[in-house]
Amino acid sequence: MKLLCEGVNGVAKRLNFQLYVGKHYYSTKQKKNSVEDNDDLSHKYSLSLKLPSTEFPNRSSQELIQNKLIPQCSTNLYDWNSGKEVDSIKDLFILHDGPPYANGNLHIGHALNKILKDMVNRFQLINGKKIFYKPGWDCHGLPIELKALEKLNSSTKRKDLDPVKIRKLGKEHALQAVNLQSEDFKSWAIMGDFMNPYKTLDNTYVVTQLKMFKKMFDNGLIHRQKKPVYWGCENSTALAEGELEYNENHKSTAAYIKFQMVNFKLADVDVEITGNTSALIWTSTPWTIVSNKAISINENLTYSILKSQQHGYLIVAEDLISNCAKFDGTIKDTKIRFLGKQLVGSTYSNPFTNEALPIISGSHVTNTAGTGLVHTAPGHGHDDYLVCLENGIKPYSPVDNYGRYTEKVPDSCRDLIKKKVLGEGNELMINKLQTLNMLFHLDRNYIHSYPYDWRSKKPIIIRSTPQWFINVEKIKKITTELLNSRVKFFPERGSKRLISFIKNRNEWCISRQRSWGVPIPVIYDKNTDEAILTDDLLDKIINVVEKDSPNKWFDPNSSIIEWLPESLQDKADHLVRGTDTMDVWFDSGTSWNIIEQYLVENNFIQDANARGYLADIYLEGSDQHRGWFQSSILTKMATTKAASLPETDLHIESSSSTFDNIVLPYNKIITHGFTLDEKGNKMSKSLGNIISPDSIIYGDKKAKLPAIGVDGLRLWVAQSDYSNDVNVGSTILKRVGENLKKIRITLRFLLGNLNDFNGEEVSYENLSFLDKFTLSKLSNLSLASKENFENFSYSKIIRELNNHMNVNLSSIYFDISKDCLYADGTSSHRRRSIQTVLVAIFKTYISILSPILPVLTQEAWNHAPDFITNGTASPFMKNWYQLPLEFRDLTLEAEFENIIWPIKDQLKILVDKGSRIDKAIKNTLETKVYITTQNQNSNTLNVLNKHREHLADYFLTSKLCINDNVPKDKSDYNYESKFTVGEDEVTVNVLRNENFKCPRCWKFQSLEEDSLCHRCSELVE
């Protein structure tokens, strides 16, 4: 056995060891040539001391951690958990894992996310629940497909790419990433079913997803439409809103453009305008002018006519005259005013198509920017599309998948063909406008917010293509009502964020023009491009995929006849399979089926339906309000029977009984922020501030990062306020490492002092006041920690535990108890009482720390005596240790905190003056303390008398007197302080003790020099 320490606060010092007590590290290295310390005598008696001893080391080796401790506290523990039998869903806890993307290495954000999830799960496990946690991976999508394309011959043209080959390489890349990421997750002591994860590429998963698509089709929510969608030109695919990120400093070329009026009639307005009259519009996308099909105005706005020497008459909104006049000093206001509705029906000329096009009414037109007249291209704008739809105007978008003009441009614009609309094509269009004298003003530096593809980091365009959509508008009202009434959010602000995203969404474009994904199960007519989608066709397709794989859908050798039900087989020659795949958010969004399947298999589905949710918790980053949180509830709602109801019935008030039965994917949503460096900057290669999980675990000398191990990584997560963005860096991690050392040394101190304890605890009634006070504070800590765990407030847990450890334990209880633990006899009632309390402290700390630092607590558990572990392999198998509520003694706490400790604080001030400033006092044990109260009947005096026999130990002095006469001129020093405690005035005097120092315990209680005190003489002799 290894000796821990000796001689702190009065016990012999002879071991090379450091023990954290209070605010200092006390070295136990022996002082050479120290007459004062009486080293010879101290060494003589040191073997009679009951020094703490344990095999629990100062630090653990990586080999032990990875090969033994992590398997013990993770893999083995989850296996044990999986074997638990539970009779009620109340004893089951499910945190559903939002699947990380199966591409690339894990970063610090992954660690934040997975460790938070693990802490949630472990708290539930230590409280007796059975955990179901199946890790998942999102395996389809563009980044993986691009990795696959990199492996193909670079000379292969995109149109000649083999989708089967791409899918094969995509799968290989994804599975390789899953294996690598899985090993990293396990190395962080993440507990879960890593042997059986769910992967969105698994055939069973794909089949279930196709069945969800069919349910949505049956509910009337799936439709195909040619309409404007966000389009990523770099990767040639449609994008959902959740795949966009906005660049607030995007620079565009904006233009004020004139369209000459053809039929300018103002109903009921008696005005006469002669000469050139134009409708003035403003746009930040001049390249879309070739697709202009109308000009929109607001019927309720007031419009005016301006006169310019250079540009003729201009129609603009009255409120926006100043916007236009500042660019032309010759402009004069004709004072002609009319409502927008009087413009409706007028026409103007588009010189590129030689058409007379209409001015139409649009509610989206405002008077806050531009001219109040909006260039309307239904093929390139969402509002444009809707307003044109109302007026029977079809979308027109002569732009290809790569963002280049196509041959469908007007004859006057043939020079635009193959030119990129966000590059050369835009400049050519501006030149054409100048040539035709259509430009009123050009702004080359228009800075504004613009959507970018979050993968390519390039600006996107909006173009009209045939795509598949889910009708979100029909289900969003009931969805937001259910989110508001039944889902709990941590932090609460997440509720408004998620609900606002859904409220502002009317549809979800789910089709992507890629090969690596789940196929959209639709057949098309070769000649008309008409989509064929029926129940029996979907059943047939799902059946084929289930028997084979989704790869067969893309295999050119697979005959179309294999995919057709009998009703369509006679038309096989005219039919072809579609090539679109589903949005990856549809993939991951339907992952709640994993939970539903588990509940069905374990006969809990009826209970889950009755309570109204599948998973207890979804926990992801705050960006998932736009992503997984949203796609999960939308896919769940879209597949319920309620979604098939008429839209007018889709709200709680009118159909409460219907919606009481709706089962949501989650009960609670927890969100965390992003990881930033210590200065609050995002991590990037260019800044050189990227910190990986491995660099935290193993250290990074170049980045000056200390090696703080797996538990250090986890402690950083726990002590961070994850509800906001989380900082990480060298200074922060050094503090984390120091804190972890204190926790470890505290556990080591506890184990070391329980080495000779037989487990026969002293009853609560027979404990000392200090013991009971310590148990009361410990009970408070335990209850507060449990409440904070339940509210996912991990930083509060660490903060309160640190305070308890540093103040209540190290500075008070441990400091006071060491003399008894080291110098009393083994059978001493006082010593056994303290050891009884140490057992409670150890059990409580293990309970609080295990969900956060499972590796450390597993190691401590391995070294704990049998009377604590009772033969169990893990603290999680013993459940949460909670002291009896009756151990909480608020009266006793008040005695210590309002009277005893304030007096001790004043005493410390006096001793500090005597030792540090005057150099008169060598240590507190050489002192004799006098406490005098002014009021002889005060509560202060009553409390002091109640604790009289223990006060000298509390104050770490060798003798203490209450209301005795303070001797005059009989001491080398006399430090005095007067202060108020409660309603009583107290005086403290510190004098030198007239007794001699005991060479064994160092208390000044010996009657003769170099002789033992009464207690020590009885024990030694």
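At a glance:
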item	result
Stretch gain in nm, segment Asp725-Asp162, where the contour uses 0.36 nm per residue and the Cα spacing is subtracted	198.4 nm
Cleavage-rule hits (chymotrypsin sites (Phe, Trp or Tyr not before Pro)) in the range 553-614: DSSP loop, at most 16 neighbouring Cβ within 10 angstrom	none
Cα centroid separation - the range 290-310 against the range 587-603, whole Å	55
Cα-based reach from Lys878 at 18 Å (exclusive), listing aspartates and glutamates while leaving out same-chain residues under 8 positions away	Asp79, Glu85, Asp91, Glu859, Asp866
Cα-based Rg of the range 465-584 normalised by 2.2 N^0.38 Å, two decimals	1.39
Length-normalised contact order of the chain in % [C-alpha pairs under 8 Å, at least 6 apart]	14
For the range 929-1021, average projected area of the Cα convex hull in nm²	6.8
Per-residue HN-Hα couplings for the range 667-672 [Karplus 6.51, -1.76, 1.60; θ = phi - 60°; Hz; x = Gly/Pro]	9, 9, 10, 10, 10, 10
Proximal lysines to Lys959, defined as alpha-carbon separation beneath 16 angstrom and excluding residues fewer than eight positions away on the same chain	Lys904, Lys908, Lys922, Lys928, Lys970, Lys997, Lys1003
Euclidean distance between Cα centres, the range 743-821 to the range 191-236, Å	52
Radius of gyration and maximum dimension Dmax of the range 508-655, Cα, Å	18.5, 54
Pairs beyond 32 Å (Cα-Cα), from Lys134/Lys547; Lys742/Lys772; Lys488/Lys734	Lys488/Lys734
Gyration tensor (Cα) of the range 162-289, equivalent ellipsoid semi-axes in angstrom	54, 22, 15
Zone residues, the range 480-498, relative to Asn504, backbone N less than 11 Å from point 7 Å out along Cα-to-Cβ	497-498
Fully extended contour minus Cα-Cα distance, from Phe327 to Gln569, at 0.36 nm per residue	80.5 nm
Diffusion constant of the range 686-821 at 20 °C, which comes from Stokes-Einstein with the Kirkwood Cα-pair radius and 1.002 mPa s, µm²/s	124
Sparsely packed GluC sites (Glu not before Pro) within the range 699-795, loop by DSSP, other Cβ within 10 Å at most 15	Glu760
Sparse-neighbour loop sites [trypsin sites (Lys or Arg not before Pro); the range 676-710; at most 12 other C-beta within 10 Å; DSSP]	Lys679, Lys685, Lys701, Lys702, Lys704
Mean separation of Cα contacts under 8 Å, 6 or more apart, over the residue count of the range 891-1020: relative contact order %	26
Two-decimal ratio, the chain, of alpha-carbon radius of gyration to 2.2 N^0.38 Å	1.26
Contour minus Cα-Cα distance for Glu678 and Lys742 (0.36 nm per residue)	20.7 nm
Kirkwood estimate for the range 252-458, i.e. one over the average of 1/r between Cα atoms, Å	17.5
When each of Lys258/Lys419; Lys186/Lys641; Lys307/Lys420; Lys913/Lys946 is checked by Cα-Cα distance, pairs over 31 Å	Lys186/Lys641; Lys307/Lys420
Hydrodynamic radius (Kirkwood) for the range 52-105, which is based on Cα pairs only, to one decimal in Å	15.2
Cα-Cα pairs of the range 679-736 separated by more than 15 Å (percent)	47
Leu436/Tyr402 FRET efficiency (R0 35 Å; Cβ-Cβ; nearest 0.05)	0.80
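A short reminder: the numbers here are calculations on the coordinates, not readings from a lab. Here the structure is a predicted model, which is why all the values come from computation and not from measurement. Positions of Cβ are backbone-derived with ideal geometry, glycine not excepted, and every protein chain shown enters the neighbour counts.
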